[in-house]
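Quick notes on the structure that follows.
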Amino acid sequence: MTAHVTPAATITTVREWVESAKRVVVLTGAGISTESGIPDFRGPNGVWTRDPEAEKLSDIRYYTHDPKIRKAAWRSRLTHPAWKAEPNSGHLALVQLERRGNLHALITQNIDGLHLRAGNSPERVVEVHGTVHEAVCMQCGWRGPMLPVLERVRAGEEDPPCTDCGGILKSATISFGQALVPEVIERAMRVAREADLLLAVGTSLRVYPVAGAVPAAKAAGARLVIVNAEPTPFDRVADAVFNESISAVLPRIISGRESAARSLH
Ligand SMILES: [Zn+2]
């Protein structure tokens, strides 16, 4: 069943679906963060697509073997847009969804921590690609907050080693060439199968295994709502598709009539 009606005609319907759903699972990608000023690194116009040299900073093979790449990566972490970015109204709508009790889980491909910053609880958020807000040691597995490590970089350590074992530190994100954390991706798939409504936001749904959450939820009987600027391979099987601004659409399908009415004034 496909329902490609205009967004104007479906917004009320989708809002009712979301309100009556008991276990909404949200899957977010770069699109929700670009509206907070964080560039999409991997997309067609992404930073890495335009500058393959920059991509090496996030490739585990170069990172492990080349101190120059690590130094450049640390310099780039100092100025990561995540440090200054603020959650937008799309993020805030997802916080409201949780406060109302409808949010089962929020799976995100983003590493900027903006969902947590906005106020979603850590128990609900599944960061499948990790987070820039923590650092890990590649040797002993130490894990801790990123900011103190960045302070060391600012103080002159160009490639700060692990203070426990002297090993190589990196951000707690999944780099190119690194496997996803099996328990994390398994959890994402499990919550997707438990969903009664899957809301895919700002993701091309082309990166696996994460995109597999969509057919998993569909197969388990969930409704599928997609909000993304570009078409996705799952638009055909979606119950509603919005190719519009995320920060405009999410508050309208989540916040209920009152705030939707306010936004018209
Ligand atoms: Zn260590």
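The values are calculated or read from the model by the stated rules, or taken from the named source; none is laboratory data. Because the structure is predicted, anything quoted here is derived from the model rather than measured. A quick note on method: Cβ atoms are made from the backbone with ideal geometry, for glycine too, and the neighbour counts reach across all protein chains shown. Heads up: the accessible areas ignore ligands, DNA and RNA and are worked out on the full protein's heavy atoms, side chains in. Shrake-Rupley method; radii C 1.70, N 1.55, O 1.52, S 1.80 Å.
Could you grab me the full set of residues in region 136-146 that are in a strand (DSSP E or B), open to solvent by less than 40 Å² (accessible area, probe 1.4 Å) and either within 21 Å of R61 (Cβ to Cβ) or away from the ligand (no atom under 11 Å from the Cβ) (or both)? Lay out the reasoning, then the answer.
In the first step, residues of region 136-146 are kept if they are in a strand (DSSP E or B); the result is 136-137, 143-145.
The next check asks that each one be open to solvent by less than 40 Å² (accessible area, probe 1.4 Å); those that pass are 136-137, 144.
V136, C137 - these are the residues of region 136-146 that are in a strand (DSSP E or B), open to solvent by less than 40 Å² (accessible area, probe 1.4 Å) and either within 21 Å of R61 (Cβ to Cβ) or away from the ligand (no atom under 11 Å from the Cβ) (or both).
Could you please find all residues in region 152-173 being on the phi > 0 side of the Ramachandran plot and away from the ligand (no atom under 11 Å from the Cβ)? Spell out how you get there, then give the answer.
Step one: filter region 152-173 for residues on the phi > 0 side of the Ramachandran plot, giving 156, 166.
Scanning region 152-173 gives a single hit, G156.
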Note to self: Looking at V95, V149, can you tell me which residue is touching a residue at least 12 places away in the same chain (Cβ under 8 Å), within 16 Å of the ligand (Cβ to nearest atom) and outside any strand (DSSP E or B)?
What the structure shows: V149
Item checked: Those residues of region 229-247 which are under 15 Å from L198 (Cα atoms) and either aliphatic (A, V, I, L, M) or in contact with a Pro (Cβ under 8 Å, 6 or more places away or on another chain) (or both), in sequence order -> F234, V237, A238, A240, V241, F242
Notebook entry, point to check: Looking at this structure, is K22 without any contact (Cβ under 8 Å) to a residue 40 or more places away in the chain and either open to solvent by 10 Å² or more (accessible area, probe 1.4 Å) or at positive phi (or both)?
Noted result: no
Check: Any idea how many residues of region 158-176 are open to solvent by less than 40 Å² (accessible area, probe 1.4 Å) and either outside any loop (DSSP other than H, G, I, E, B) or more than 12 Å from W74 (Cα to Cα) (or both)?
Finding: 9
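Given the criteria under 24 Å from N88 (Cβ atoms) and modelled with pLDDT of 95 or more, does L205 qualify?
Working: under 24 Å from N88 (Cβ atoms): yes; modelled with pLDDT of 95 or more: yes.
Judged against the criteria, L205 is a match.
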Next item on the list: Run V207 past the list (1) in contact with a His (Cβ under 7 Å, 6 or more places away or on another chain); (2) part of a loop (DSSP other than H, G, I, E, B); (3) of a type in the set (V, I, T) and report the number of the one that doesn't hold.
Entry: (1)
Item checked: Whichever residue in region 98-125 is more than 16 Å from S33 (Cα to Cα) and not in a loop (DSSP other than H, G, I, E, B) and, among such residues, is most open to solvent (accessible area, probe 1.4 Å) -> R99
Note to self: For the list (1) surrounded by 16 or more Cβ atoms within 10 Å (Cβ to Cβ); (2) in a helix (DSSP H, G or I); (3) away from the ligand (no atom under 16 Å from the Cβ), I need the number of the one condition that R190 fails.
What the structure shows: (1)
Item checked: region 168-191 residues that are without any contact (Cβ under 8 Å) to a residue 60 or more places away in the chain, paired with ones that are within 16 Å of the ligand (Cβ to nearest atom) and open to solvent by 40 Å² or more (accessible area, probe 1.4 Å) (beta carbon under 6 Å, 6 or more apart) -> A172/E134
Note to self: Tell me whether region 108-115 contains one or more residues that are within 16 Å of the ligand (Cβ to nearest atom), small (G, A, S) and either modelled with pLDDT of 95 or more or over 26 Å from G167 (Cα atoms) (or both).
What the structure shows: no
Next item on the list: Can you tell me which residue among I32, I60 is β-branched (V, I, T), at pLDDT 90 or above and either open to solvent by 20 Å² or more (accessible area, probe 1.4 Å) or touching a Phe, Trp or Tyr at 6+ places or on another chain (Cβ under 8 Å) (or both)?
Entry: I60
Check: Out of curiosity, is W83 out of contact with any Ser or Thr (no Cβ under 9 Å at 6 or more places or on another chain), within 22 Å of P39 (Cα to Cα) and buried (at least 20 other Cβ atoms within 10 Å of the Cβ)?
Finding: no
Check: Conditions: (1) out of contact with any Gly (no Cβ under 6 Å at 6 or more places or on another chain); (2) of a type outside the set (S, T, Y); (3) open to solvent by 50 Å² or more (accessible area, probe 1.4 Å); (4) away from the ligand (no atom under 14 Å from the Cβ). H133 meets all but one. Number of the miss?
Finding: (1)
